[in-house]
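**Student:** If you scroll down you'll find the structure; I have some questions about it.
The values are calculated or read from the model by the stated rules, or taken from the named source; none is laboratory data. As the structure is a prediction and not an experimental result, all values here were calculated from the model. Heads up, the Cβs are rebuilt from the backbone with ideal geometry, glycines too, and the neighbour counts pull from every protein chain shown. With ligands, DNA and RNA removed, areas are computed over all heavy atoms of the protein, side chains included. Shrake-Rupley method; radii C 1.70, N 1.55, O 1.52, S 1.80 Å.
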Amino acid sequence: MTTPVCTSASNATVFPSFSSYVRARRPVLLRASRSLTANPNDAEDLLQTALTKTFVAWERIEDHRALDGYVRRALINTRTSQWRKRKVEEFVCDELPEPDPAPAPDPAELQGLRDAMWRAVMRLPPRQRAMVVLRYYEDLSEAQTAEVMEVSVGTVKSAVSRALAKLREDPELALSA
């Protein structure tokens with residue numbers, strides 16, 4: 001069943017104000033809005049937006065017999081604008097998509113590893129030990145380490161390389177890893 005929009009020019013006085021128009025025509029306009037959306041809540045939002053646009057233009061609308069057509073056009077234009085907007089889809093899922101954070105290491109194990117590392121470093125020859133400490137614990141560059149030790153950069157590179165090889169082969173560190 002269709003409802004006539006307005007049948008005569010005398011209907012222009014039926015809607016002297018916006019609020020009287022909305023009270024009289026809301027059910028019909030809501031049905032039109034529901035035909036444009038699947039969700040009843042979205043239909044109410046769509047109608048509210050269209051009515052807001054109609055209210056803003058209320059004084060400019062000369063022929064109040066065409067108000068239904070104006071609101072329907074606002075409904076369609078608003079819905080079209082919603083379709084054109086980029087939409088981010090949300091999906092409900094049982095598990096969070098982020099991986100579980102890695103468990104924090106046991107502080108006692110970390111302290112044991114630090115102690116084992118220092119014991120292994122202390123077993124290095126004094127010159128290699130000094131270069132490893134300057135290079136990795138003091139965070140000096142190879143050039144800075146060479147300057148402090150008063151040797152060439154090549155000597156630092158080779159001594160640190162030999163020291164790291166000894167540390168990799170240390171049996172106490174192999175058990176800790």
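**Student:** Within region 149-171, track down each residue that is in a loop (DSSP other than H, G, I, E, B), surrounded by fewer than 16 Cβ atoms within 10 Å (Cβ to Cβ) and among the charged types (D, E, K, R).
**Tutor:** The answer is Glu150, and nothing else.
**Student:** Restricting attention to region 14-26, which residues are open to solvent by 70 Å² or more (accessible area, probe 1.4 Å) and either of a type in the set (A, V, I, L, M, F, W, C) or under 40 Å from the mean Cα position of the chain (by Cα) (or both)?
**Tutor:** Correct list: Val14, Arg26.
**Student:** Here's a check for you: in region 39-80, which residue that is of a type in the set (D, E, K, R) and open to solvent by less than 70 Å² (accessible area, probe 1.4 Å) is farthest from Ser19 (Cα to Cα)?
**Tutor:** Top of the filtered list is Arg79.
**Student:** Further, regarding this structure: Limited to region 77-130, what total is found for residues that are aromatic (Phe, Trp, Tyr) and assigned to a helix (DSSP H, G or I)?
**Tutor:** 2
**Student:** If you don't mind, there's one more thing I want to ask. Anything in region 158-177 that is of a type in the set (D, E, K, R) and under 45 Å from the mean Cα position of the chain (by Cα)? List them, or say none.
**Tutor:** Scanning region 158-177 gives a single hit, Arg168.
**Student:** When you look at Val133, is it under 30 Å from Ala159 (Cα atoms), in a helix (DSSP H, G or I) and either of a type in the set (Lys, Arg) or open to solvent by less than 90 Å² (accessible area, probe 1.4 Å) (or both), yes or no?
**Tutor:** Considered against the rule, which asks whether it is under 30 Å from Ala159 (Cα atoms), in a helix (DSSP H, G or I) and either of a type in the set (Lys, Arg) or open to solvent by less than 90 Å² (accessible area, probe 1.4 Å) (or both), Val133 comes out as yes.
**Student:** Now a separate question. With respect to Arg84, determine if the residue is open to solvent by less than 60 Å² (accessible area, probe 1.4 Å) and out of contact with any strand residue (DSSP E or B) (no Cβ under 9 Å at 6 or more places or on another chain).
**Tutor:** Taking the combined requirement at face value, the residue does not satisfy it.
**Student:** Within region 68-113, can you find the residues that are touching a residue at least 60 places away in the same chain (Cβ under 8 Å) and within 29 Å of Pro27 (Cβ to Cβ)?
**Tutor:** Asp68, Gly69, listed by residue number.
**Student:** Does region 87-104 include one or more residues that are surrounded by 10 or more Cβ atoms within 10 Å (Cβ to Cβ), β-branched (Val, Ile, Thr) and farther than 30 Å from Val22 by Cβ?
**Tutor:** The answer is no; no qualifying residue exists.
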